1. Could you put 67, 73 in order, starting from the residue whose Cβ has the fewest other Cβ atoms within 10 Å?
2. Quick one: check the C-alpha center-to-center distance for the range 56-79 versus the range 112-132, whole angstrom.
3. Could you tell me which of rounded, prolate or oblate describes the range 38-127, using a ≥ b ≥ c as the square roots of the eigenvalues of the alpha-carbon gyration tensor, with rounded for a/c under 1.5 and, failing that, prolate when a/b is larger than b/c and oblate otherwise?
Ligand code: HEC
């Protein structure tokens with residue numbers, strides 16, 4: 001009987017260890033998939049689903065003002081870029097062509113708070129010379 005108990009507890013122990021191993025394995029898979037940085041997320045949105053790139057180049061005006069120019073105005077005037085993107089603040093860069101920018105708010109409205117922040121981080125860093 002004692003032997004049986006010993007054997008049983010060994011089995012329990014073995015199973016326990018195994019499931020622990022499994023858990024650990026899952027955890028390492030989880031940490032391997034690193035979360036994208038706000039810069040990378042912002043860049044992906046700017047050049048992807050946000051369609052910002054279709055009207056905004058970095059260093060020159062196209063349909064809309066260049067990102068460097070936009071960020072300079074926001075820095076100088078201490079503008080709130082996220083508030084602008086949420087349509088809670090008036091345009092301060094080129095109000096005369098605001099109607100064109102407005103056409104893109106249908107897309108911007110779908111962004112989460114985190115995505116809006118990421119776009120701001122990207123525009124800021126790219127205006128400060130980051131190129132990757
Ligand atoms: C259809 C063209 C178009 C698209 C697409 C577009 N923009 Fe614009 N954007 C403009 C124009 C034109 C202006 C200048 C008018 C203005 O200042 O609002 C502008 C201005 C801005 C400004 C300055 C606002 C201000 O205070 O005057 C920001 C910030 C901006 N865009 C961000 C973005 C972001 C981020 C995206 C993508 C999610 C985007 N834009 C997509 C045309 C566009």
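1. Lowest count first: 73, 67.
2. 13
3. On the way: a/c = 1.22, a/b = 1.15, b/c = 1.06.
Cα axes put the range 38-127 in the rounded bin.
Any read-out appearing in this document is the output of simple, stated calculations on the displayed coordinates, not a laboratory observation. Here the structure is a predicted model, which is why all the values come from computation and not from measurement. Heads up, the Cβs are rebuilt from the backbone with ideal geometry, glycines too, and the neighbour counts pull from every protein chain shown.
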